[in-house]
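Some notes on the structure that comes next.
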Amino acid sequence: MSRLYDTVEPSVIDEEMLQKAVEEQGPKDEAGKIAKKEGINFADVLSLRLDFKNILKIDNLWEFTSLTKLQLDNNIIEKIEGFDVLVNLIWLDLSFNNIEVIEGLSSLTKLEDLTLYNNRISKIENLDSLTQLHVFSIGNNEIKDIKDILYLRKFPKLKTLNISNNPVCKEENFKQYVAAFLPNLDFLDYRLLDEQTKAAAYEKHQTQVEEQIDKDNKARLAAEEQDKREKEIQLHKEAYVEYLNTDKLYRDMYADDPEGVKLNYMPGVDEMLVVFKERIQSVCQQLFDFGLQEYEKRKAEVDMFWECVNEAKDENKEMGMKAIENFMAEKKQVFIELQHMTDVKMVESKVQEYNNLVTGLWDKLMGLELQLVDQLEEVIKDFERNMQDLVSVFLENVQAYLTQAREHENAHNEKMLECASSTLEKAAKNELDEDMPDDLKMLLVDKDTVQNAVTTSHDVHLLKIDNKEDDIVTRINNWLKGMMDTIHQEEEIQRNRTRVTEINHLIDHLREEIDSLDIVQDDEETTEISKSKVVFRNEVQSRNSLVLLERKLSEQKQAQDPYYGMTKVQEEVQSTITEKASREDEQGKSAPGEA
């Protein structure tokens, strides 16, 4: 039952509460003022305290992706939820709440310290993914079953346990039981468990402990085997040959074939079925082996592709960083010289020199981006062509193997027709066994009936083979299309747009630096220098506007052509450079005042 909120008004975790908590717990003094002015990015917050807030529901924490410590104690929380994105959490306090069930913690795989003290929990459960758990406080709850202690054996790193003030603590020799079955514990209810205490506890419960160890080992082996099987099945699915190393296709043929099941009771069919099953399984096994080999080829091709992409991006990034470093060194020298200049002409000349350096940096970075675009375009084209070839080879062989399966089915069908005809003749002469199933006898009333049953069974078998082929063809084609669509979108279009935005932001920042530089001059000199800055500012703004315009046009055309993005990237950069060069020529012909 939930607590009655007679004197407390429940609250929710909203933007205002989070902002206030972050500001209160953030840096103080001057650093705090700066942080408050510029705003604190929730994604950068490492520790958050939300205690004594009357919080009823855990919500709106999705931005705190870097959070390692979270306090939610002394609230009125009823359910553990909302932690899916807090994957970096190490320390969590949910004590003094209204929680009844342990749940919603599966994503917190890095959690080391968990406090659930003073809630309404009656069972220790749903903690399997918390393999790094060192400290666990579950005291003052409603734990009644001593078997919950055995559950904690799953956590070999658990060193501190507080389970005091639970009904289970009234069990005779409870603490000694805990010490015996949790031998890795160092502290129980905040008291040290020395080696003498542990030894005495083990001696008292030795038989039970050894039996439990044996059970644990068997359970661990079974879990490992299950995990291994699941990984194998997943691998086979990625190769599109799952269960082809078994008789599943053969069993599927008869799963929806009631007529075939009846006909299999005809005399002599048993031996035919053995041969038929062996042939179908042989084809499936060959297809299975071939599928795994082709999967390894595709995987190697994909790995090589990403290696090439990352190598090209890293090399391009290194050249870009070097260009920025060289610029920064020149900028530092320019700014030092500007601080000591008093002549307006020299200052104006130096500002123009800085403007030219910034423009040169933009040219260099955009040129590198265009170079990377060309490299990635070539790599992606080669990769797509190679993958299409690999998939084509795979599908050709799939169709060839399943054609063999159809041929075996056709041969088996011919034998079934002969057997049905022979059995019908025996039925007419009353030469069949008396214990023959009634369902089969109903099929042997005339030739048309039994032949129709054989044909129906044959059609079902062929349909199962066709369905298997269609399934493989559809899935691998969808996989290839989805992968290539993602690569084109993320590695070509989105990556380029992000990079162009980064470059423009850098240029804007460098422009703002020269604007904010404090150069002591008289009013006339300041006016002349400001004019030079305006020329440069207008140049950059015009360039950025042009890039944005070209990008909007690209987005419109891309809606009709998904491969349009790469060509438009090149046009963006080239047209911007051409326009900028033309503008520079015009500015060079004008006087500073006219500009």
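The values are calculated or read from the model by the stated rules, or taken from the named source; none is laboratory data. The structure displayed is predicted, hence computed values, not measured ones. Cβ placement follows ideal geometry from the backbone for every residue including glycine, while neighbour counts extend to all protein chains displayed. With ligands, DNA and RNA removed, areas are computed over all heavy atoms of the protein, side chains included. Shrake-Rupley method; radii C 1.70, N 1.55, O 1.52, S 1.80 Å.
Once the chain from ALA200 to GLN489 is taken as fully extended at 0.36 nm per residue, the excess over their C-alpha distance is 97.5 nm. Surface calculation, 1.4 Å probe, protein heavy atoms: MET321 sits at approximately 90 Å² accessible.
Over the stretch 152-255, average the accessible area per residue using a 1.4 Å probe and give it in Å², no decimals. Each step should come with its number before you reach the end.
On the way: 6420 Å² over 104 residues.
Here the residues of the stretch 152-255 average 62 Å² of exposed surface.
Given an 8 Å cut-off on Cα distances and at least 6 residues of separation, report the relative contact order of the stretch 237-391 as a percent. Walk me through the numbers on the way to the answer.
Numbers: 74 pairs, mean separation 46.1, N = 155.
Reported relative contact order: 30 percent.
Using a Förster distance of 60 angstrom, determine the FRET efficiency expected from the C-beta separation of ASN326 and ALA222, and round it to 0.05.
Working: r = 62 Å, r/R0 = 1.03.
My answer for the efficiency is 0.45.
Pairs from the list LYS248/LYS299; LYS144/LYS198; LYS154/LYS228; LYS110/LYS468 with a Cα-Cα gap above 31 Å: LYS110/LYS468.
Would you mind classifying the stretch 44-113 by shape? Square roots of the alpha carbon gyration tensor eigenvalues, ordered a ≥ b ≥ c; an a/c under 1.5 is rounded, otherwise it is prolate if a/b is larger than b/c and oblate if not. Because a/c hits 1.5 or more and a/b exceeds b/c, the stretch 44-113 counts as prolate.
How much length is gained if the chain between LYS157 and LEU46 is pulled fully straight, taking 0.36 nm per residue apart and subtracting their Cα-Cα distance, in nm to one decimal? If you can, show how the numbers build up before the last one.
Working: separation 111, 0.36 × 111 = 39.96 nm, distance 2.38 nm.
Contour length minus Cα-Cα distance gives 37.6 nm.
Ordered by solvent-accessible area of protein heavy atoms (1.4 Å probe), largest first, the residues GLU384, GLU378 come out as GLU378, GLU384.
If you sort HIS505, HIS205 by accessible surface, 1.4 Å probe, largest first, the order is HIS505, HIS205.
In what sequence, largest accessible area first, do LEU235, LEU376 appear using a 1.4 Å probe? Show your work: numbers first, answer last.
Details: LEU235 65, LEU376 5 Å².
Of LEU235, LEU376, the descending order of accessible area is LEU235, LEU376.
Once backbone amide H atoms are built at 1.01 Å from N, ASN54 has ILE76 as its partners under 5 Å, excluding neighbours fewer than 5 places away on the same chain. Here HIS509 and GLU16 are evaluated by their C-beta separation; at R0 = 25 Å the FRET efficiency comes out at 0.20. Specify whether the C-alpha gyration tensor of the stretch 150-281 places it in the rounded, prolate or oblate class, a ≥ b ≥ c being the square roots of the eigenvalues: rounded for a/c under 1.5, otherwise prolate if a/b is larger than b/c and oblate if not. Prolate, since a/c reaches 1.5 and a/b exceeds b/c. Accessible surface for GLU224 stands near 90 Å², nearest 10, in the context of the full protein assembly shown (1.4 Å probe).
In this structure LYS429 has an accessible area near 140 Å², from a 1.4 Å probe over the protein heavy atoms.
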